[in-house]
Amino acid sequence: DRKGRVAYYPPTYNYNEKGILVYNYGPYNNKEIIDLAIRLVNELDYVGTLGLEVFVANGKVLINEFAPRVHNTGHYTLDGALISQFEQHLRAILGMSLGPTDVLCPSGMINILGTDKIPPEVLNYGKVYWYSKSEVRKRRKVGHINIVGNNLEEVKQKIDKIMQLIYPNGLDL
């Protein structure tokens, strides 16, 4: 925030295909990633939400990209955290005190890519958010689905089920 305070959500595991985030889930607690994110925010003297994507390779944390905005890796916070990344961003840029970043439960997010055909059964496993895009085309993010569960295994199972329902022939990117 404007007073130099830093709040963070726990890292998540991200699955990407052809450079596009397909889904993520967490929390994935890794102190080295958290420390790196805090150092980056402080070095940049950044105010607002910052999305950070990293690789963990051979035990080393490497930055893939950072996005100076709310990011789809944090969309799960709409349902899986006490305060969402969207509210937290507004708090930071408006000079309000930051809120808690506690997660309520294991959770995740699936991007809806290149389709607006979602079987109603998806609602048994997650909450759908549409972006009201005027055009649906291959690789375009037109919405996302948030998933919550009692444990990470349940979240991963729901992600698998939703992926099968939305992309029965596999995701075509």
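The values are calculated or read from the model by the stated rules, or taken from the named source; none is laboratory data. Quick caveat, the model's predicted, so the values are computed rather than measured. Here the Cβ is made from the backbone with ideal geometry for all residues, glycine too, and neighbour counts use every protein chain on show.
Residues considered: Asn42, Asn16, Asn24. Of these, the only one that is in contact with a strand residue (DSSP E or B) (Cβ under 9 Å, 6 or more places away or on another chain) and either assigned to a helix (DSSP H, G or I) or at pLDDT below 95 (or both) is Asn16.
When Phe55 is tested against (1) crowded, with 18+ Cβ neighbours inside 10 Å; (2) assigned to a strand (DSSP E or B); (3) out of contact with any Phe, Trp or Tyr (no Cβ under 9 Å at 6 or more places or on another chain), just one condition goes unmet, and that condition is (1). For Leu94, the test of being in contact (Cβ under 8 Å) with a residue 24 or more places away in the chain and not small (Gly, Ala, Ser) is failed.
Restricting Phe55, Phe66 to those that are touching a helix residue (DSSP H, G or I) at 6+ places or on another chain (Cβ under 9 Å) and among the aromatic types (Phe, Trp, Tyr) reduces the list to Phe66. Take the conditions (1) more than 19 Å from Leu78 (Cα to Cα); (2) of a type outside the set (Val, Ile, Thr); (3) part of a strand (DSSP E or B); His144 misses just one of them, which is (1).
For the range 63-90, the set of residues classified as outside any helix (DSSP H, G or I), surrounded by fewer than 16 Cβ atoms within 10 Å (Cβ to Cβ) and of a type in the set (A, V, I, L, M, F, W, C) consists of Ile63, Ala67, Leu82, listed by residue number.
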